[in-house]
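Derivation of every value follows stated rules applied to the coordinates shown; laboratory data play no part. Everything numeric in this text was worked out from a predicted model, so none of it was measured. When we count neighbours, we look across all protein chains shown, and the Cβ atoms used for this are built from the backbone with ideal geometry, even at glycine.
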Amino acid sequence: MGVQPLASSMESSIRATSFANPMTQTQQGKASGSAIHLPPTLEAYAYQVIEEQYRRIAKQEKKVLADKDPEALHQMRVGTRRLRTALQVFGSAIKIPKAGSADRLRDLASVLGDVRDLDVQLVSLEQEYRPNLNKKEQKQLDKVSKALQKQRVKAFARMKAVLSQPRYQELKTTYDDWLKHPRYTPVAQLPLSVLLPDLLGPLLSHLLLHPGWLISSKETSGERGAMLHELRKACKHARYQAEFFTPFYGEAFQAWVAEIKTLQAQLGDFHDTQVFLELVTKNLGHELRLPDLQAAIEQKQRGALVNWEEIRHKYLDEGFRYHLHRMLLQPIVQAGQVHPTLVR
């Protein structure tokens, strides 16, 4: 189940928020004969992003506990991850009490993830693998399904307990209070347009310096496979951060975010096959001796990495890396309008 990009929702939110607000800045200029509207301050935008992600978490809580729609759990987990990312992006501008820290959000995302990951594996087992197996292998896979369902019951019970504990209630109270009375550092008063490259630069550097780009498609087992999983997480982290700022960049930036999202999904599919194989082997109590299932898993792995060599060489290319860095230095203010410093 995919996650919808934040671009459209944020663009609507930005349009609905007048730049004449005391927390924003408006400047008239001449560029192609039209007015130049500067983005809001870092303070204003940090508040907007944090509020949106926190509300996303709170909105899903009752549905998650009802356990009738797995999408609610998925959305709550994503919201928790995005809020944690927002704290990292805007950390220099905001003051959040310890009870609402990134570490607390990481712990929450972990317990939500334990249930969500089992949901993903059960769906793959029932809908993707089982229908294509012979009856003998289906019976073996049914044993795995029952084992995973029992694990999910336990994981859900742990998650439910966490969501009822004072620690989680304290986290919610912290954000409710902060949204009523936000606290910032002095840097939060600076215009967002000035700070965009500084906010996005570190995430790009972290992504491009990841050793996962050095792993070929012929070396994906063991520790190298684990390294690809770490690259997938780096892609996801970069994508979450970049999506916060999609409204302030042009088509090239949006295309890059879409590319990272696709790559994240492909590496995710590959990792899911590895996890699935481990789960099947563990729950059957012996090495996998189901040829049809083995063939299906290998086919999915090949499909997930079908264009990996092309992608990784692209991200190792000096010219492309320079293009990405330069792109971050060229934000726009609104669609069709260019910041004055970019037309000099």
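Quick notes on this structure:
- The chain - charge dipole about Cα centre, Lys and Arg +1 at Cβ, Asp and Glu -1, debye rounded to 20: 820 debye
- Most mobile of LEU190, LEU209, LEU73 in a GNM of the chain (Cα contacts under 10 Å): LEU209
- If the convex hull is drawn through the Cα atoms of the range 43-166, its volume per residue in Å³: 109 Å³
- Cross-link partners of LYS180 among aspartates and glutamates (Cα-Cα below 18 Å; sequence separation of 8 or more within a chain): GLU43, GLU51, GLU52, GLU170
- Label zone (LYS135, point 7 Å along Cα-to-C-beta; backbone nitrogen cut-off 20 Å) within the range 292-312: 292-293.
- ARG183 versus ARG321: modelled label distance in nm, points set 7 Å from Cα along the beta carbon direction: 4.1 nm
- Structure-based [θ]222 nm, the chain - -39500 (n - 2.57) summed over DSSP H runs of at least 4, per residue, nearest 500: -23000 deg cm²/dmol
- Burial order of peptide ranges 147-160, 285-298 (average beta-carbon count within 10 Å, highest first): 147-160, 285-298
- Simple label model, 7 Å out from Cα along Cβ direction - ALA265 to ASN307, nm: 1.2 nm
- For semi-axes √(5λ) of the Cα gyration tensor in Å, calculated from these coordinates, the label among (1) 36, 30, 17; (2) 32, 24, 20; (3) 40, 27, 15: (3)
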